[in-house]
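Here's a structure for you.
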Amino acid sequence: MKYFIGNWKMFGVPKSIDILNKINSFYSKDKNIKKYKVIIAPPYTLIQTFARYFKNKKISISAQNCYQKDHFSSNTASVSPYMIKSVGAKYCIVGHSDNRIEGDTHEILKKKVQFALKNNLKVIFCIGENKIDKKNKKTFIVLKNQITKVLDKKLNMNNVIVAYEPIWSIGTGKIPSENELVKTTIYIKKILIKIFQKSPSVLYGGSVDENNVKLFKQIKEIDGFLIGGASKSSKKFIDIIKNYYR
Ligand code: PEP
């Protein structure tokens, strides 16, 4: 099973449901429907309406983040995994570099993952090195640290998806070379197998669009994509799927 996951970031108002409707009508009629899953992560403000509307349809809804507490608390403007689950989301992104930069530490992320899983949300756990790590050839050390400090064997790996998103690639139009990406994905899976015996799905994210998606086709180790910018356009998102299976 491959994944095409759209991360809308700070984008969308109620009428943006039109974008999802177009994606959903393509997806539900696609001859390749059984080969992949479409998940969209709108901002918190739209989760309830979107999740309700798409409840019995093909697309699943994800949150983009959650607070590191289980239920209710006195943290202003925070949203817990319990609250996210209660409005119908099935997935939750955790550890996006945007949030790591804003202060999410390994300890915080560990709690987010644990509480999201406890509330029956599947976790899309993001990892990735920055430009300086890459330049200093620290990519593998950084990735290993990000994985082993947060994921452990007690977690239900069937509910975890890992998204490799090199920070230097997010929103920049730059993507890793095929060789680099194969090596890194294999390395990530090796670390995950050490923890879980088996590897969860590992996605790639960073400037994926309808043109470059063809380059990823040959890389069988990649189990799908986390798509930012291009997921805000139904045409681009659909073209990514079409071009991947072409
Ligand atoms: C992201 O922010 O998760 C992402 C992959 O963004 P983009 O596709 O725009 O690089």
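The values are calculated or read from the model by the stated rules, or taken from the named source; none is laboratory data. In this text the structure is predicted, and so the values were computed from the model without any measurement. Glycine gets a Cβ as well: all are built from the backbone with ideal geometry, and neighbour counts include every protein chain shown. Keep in mind that these areas ignore ligands, DNA and RNA; they rest on the heavy atoms of the full protein, side chains included. Shrake-Rupley method; radii C 1.70, N 1.55, O 1.52, S 1.80 Å.
In the set TYR187, TYR245, which member is within 30 Å of LYS154 (Cα to Cα), away from the ligand (no atom under 16 Å from the Cβ), open to solvent by 10 Å² or more (accessible area, probe 1.4 Å) and of a type in the set (Phe, Trp, Tyr)? Reasoning before the result, please.
On the way: TYR245 fails: within 30 Å of LYS154 (Cα to Cα).
Going through TYR187, TYR245 in turn, just one is within 30 Å of LYS154 (Cα to Cα), away from the ligand (no atom under 16 Å from the Cβ), open to solvent by 10 Å² or more (accessible area, probe 1.4 Å) and of a type in the set (Phe, Trp, Tyr): TYR187.
Mind counting the residues in the stretch 209-238 that are open to solvent by less than 60 Å² (accessible area, probe 1.4 Å) and within 14 Å of the ligand (Cβ to nearest atom)?
From the stretch 209-238, those open to solvent by less than 60 Å² (accessible area, probe 1.4 Å) are 209-210, 212-213, 216, 219, 221-231, 233-234, 237-238; that's our starting set.
With within 14 Å of the ligand (Cβ to nearest atom) added as a condition, the list becomes 209-210, 212-213, 216, 222, 224-231, 233, 237.
Result for the stretch 209-238: 16.
Something else: Right, LYS112: open to solvent by 60 Å² or more (accessible area, probe 1.4 Å) and modelled with pLDDT of 95 or more or not? It would help to see each step written out before you state the result.
Numbers: open to solvent by 60 Å² or more (accessible area, probe 1.4 Å): no; modelled with pLDDT of 95 or more: yes.
Taking the combined requirement at face value, the residue does not satisfy it.
From (1) without any contact (Cβ under 8 Å) to a residue 60 or more places away in the chain; (2) touching a Lys or Arg at 6+ places or on another chain (Cβ under 9 Å); (3) open to solvent by 30 Å² or more (accessible area, probe 1.4 Å); (4) not polar (S, T, N, Q), pick out the condition that doesn't hold for LYS35.
(1)
Here's another thing I want to ask about it. In this structure, does PHE237 turn out to be farther than 22 Å from SER60 by Cβ and aromatic (Phe, Trp, Tyr)?
Considered against the rule, which asks whether it is farther than 22 Å from SER60 by Cβ and aromatic (Phe, Trp, Tyr), PHE237 comes out as no.
Still on this structure: Which one of these is within 16 Å of ASN119 (Cα to Cα), among the aromatic types (Phe, Trp, Tyr) and either more than 16 Å from the ligand (Cβ to nearest atom) or not in a loop (DSSP other than H, G, I, E, B) (or both): TYR27, TYR67, TYR3? Step through it out loud before you land on a result.
Values: TYR27 fails: within 16 Å of ASN119 (Cα to Cα); TYR3 fails: within 16 Å of ASN119 (Cα to Cα).
Exactly one residue qualifies, and that residue is TYR67.
Given the residues LYS174, LYS198, which is the only one that is within 10 Å of the ligand (Cβ to nearest atom) and either of a type in the set (Asp, Glu) or over 18 Å from the mean Cα position of the chain (by Cα) (or both)? Step through it out loud before you land on a result.
On the way: LYS198 fails: within 10 Å of the ligand (Cβ to nearest atom).
Checking each option against the conditions leaves just LYS174.
Which ones in the stretch 115-128 are more than 16 Å from the chain's Cα centre (by Cα) and buried (at least 18 other Cβ atoms within 10 Å of the Cβ)?
The answer is PHE115, ASN119.
Taking MET157 as meeting all but one of (1) more than 16 Å from the ligand (Cβ to nearest atom); (2) under 20 Å from ALA41 (Cα atoms), write down the number of the exception.
Answer for MET157: the failing condition is (2).
State which residue is nearest to the chain's Cα centre (by Cα) when the search covers only the stretch 71-109 and only residues that are open to solvent by 40 Å² or more (accessible area, probe 1.4 Å) and of a type in the set (S, T, N, Q).
The selected residue is THR105.
Do you know which residues across the stretch 38-70 are β-branched (Val, Ile, Thr) and open to solvent by 40 Å² or more (accessible area, probe 1.4 Å)?
Applying the first criterion (β-branched (Val, Ile, Thr)) to the stretch 38-70 yields 38-40, 45, 47, 49, 59, 61.
Listed by number, the residues that qualify are THR45, THR49.
In addition: Residues of the stretch 6-16 being out of contact with any Pro (no Cβ under 9 Å at 6 or more places or on another chain) and either assigned to a loop (DSSP other than H, G, I, E, B) or surrounded by fewer than 17 Cβ atoms within 10 Å (Cβ to Cβ) (or both), which ones?
At the first step, the residues of the stretch 6-16 found to be out of contact with any Pro (no Cβ under 9 Å at 6 or more places or on another chain) are 7, 13-15.
Of everything in the stretch 6-16, those that are out of contact with any Pro (no Cβ under 9 Å at 6 or more places or on another chain) and either assigned to a loop (DSSP other than H, G, I, E, B) or surrounded by fewer than 17 Cβ atoms within 10 Å (Cβ to Cβ) (or both) turn out to be VAL13, PRO14, LYS15.
Are any of the residues in the stretch 129-151 surrounded by fewer than 21 Cβ atoms within 10 Å (Cβ to Cβ) and touching a His at 6+ places or on another chain (Cβ under 7 Å)?
Yes, some residue in the stretch 129-151 is surrounded by fewer than 21 Cβ atoms within 10 Å (Cβ to Cβ) and touching a His at 6+ places or on another chain (Cβ under 7 Å).
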